[in-house]
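No value in this document is a laboratory result; all are computed from the given coordinates. Owing to the predicted nature of the structure, the values given are computational and were not obtained by experimental measurement. Neighbour counts run over all protein chains shown; Cβ positions are idealised from the backbone, glycine included.
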Amino acid sequence: MNRYRILSTILVSFLFMSAPATVYANSSWHWITTSPMKILPYVIILTLIIEIASVFVLGKIKNFRRVFYVISFANLFSYLVPYIERAYRFIPTSGGFSISSAFNKGPHYIVLTAYLLLTIIIELPITFYLLRKYAKSKKRLAISIIGSNIITTIAVALIERFVCVGQW
């Protein structure tokens with residue numbers, strides 16, 4: 001009996017420690033500094049520069065223009081999918097499909113761990129499939145795509161958290 005009492009005490013203590021201490025009922029979230037929507041063009045440019053340079057140099061592809069177009073195309077999907085999905089989830093509360101709500105409603109940073117997985121799931125097949133014939137090494141191409149996506153996702157997440165500050 002003593003063993004079960006100790007185990008249940010540990011589990012209940014863990015549950016209490018993992019629960020949030022404050023509750024924001026009946027209040028509204030707003031961005032203090034700026035919305036993620038306003039910094040999006042800048043982080044897209046930064047992302048494109050890093051990913052294009054990485055895939056062009058590390059992937060050893062001769063045709064820069066092709067790399068530019070393919071990376072831009074893949075990033076278009078990679079950036080749009082999370083916002084469209086979030087806008088879709090806001091339909092019941094906002095009364096319709098609203099991209100603005102995806103950016104401005106709620107304390108939700110767009111770039112999270114799932115976003116990294118999503119960008120790799122979306123960008124890796126598109127970029128790899130369209131550039132594999134032009135790469136000297138398919139392995140180096142795949143590594144450059146995955147590596148550049150990890151670097152840019154972490155950079156965008158940090159920028160988003162430092163620049164976009166909000167409160168209840």
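Brief remarks follow.
- Between I121 and I6, the contour length at 0.36 nm per residue exceeds the alpha carbon distance by 37.0 nm.
- At R0 = 35 Å, FRET efficiency that the Cβ-Cβ distance of R132 and Y88 yields, to 0.05: 0.60
- Long-range amide H partners of G166 with built H, under 5 Å: I32
- Calculated on alpha-carbon atoms, Rg and Dmax of segment 38-84 in Å: 11.4, 35
- Each of E123, E85 was scored by other Cβ atoms within 10 Å of its Cβ. Arranged with the fewest first, they read E85, E123.
- Taking label positions 7 Å along the Cα-Cβ direction at both L46 and T113, the computed distance is 2.3 nm, reported to one decimal.
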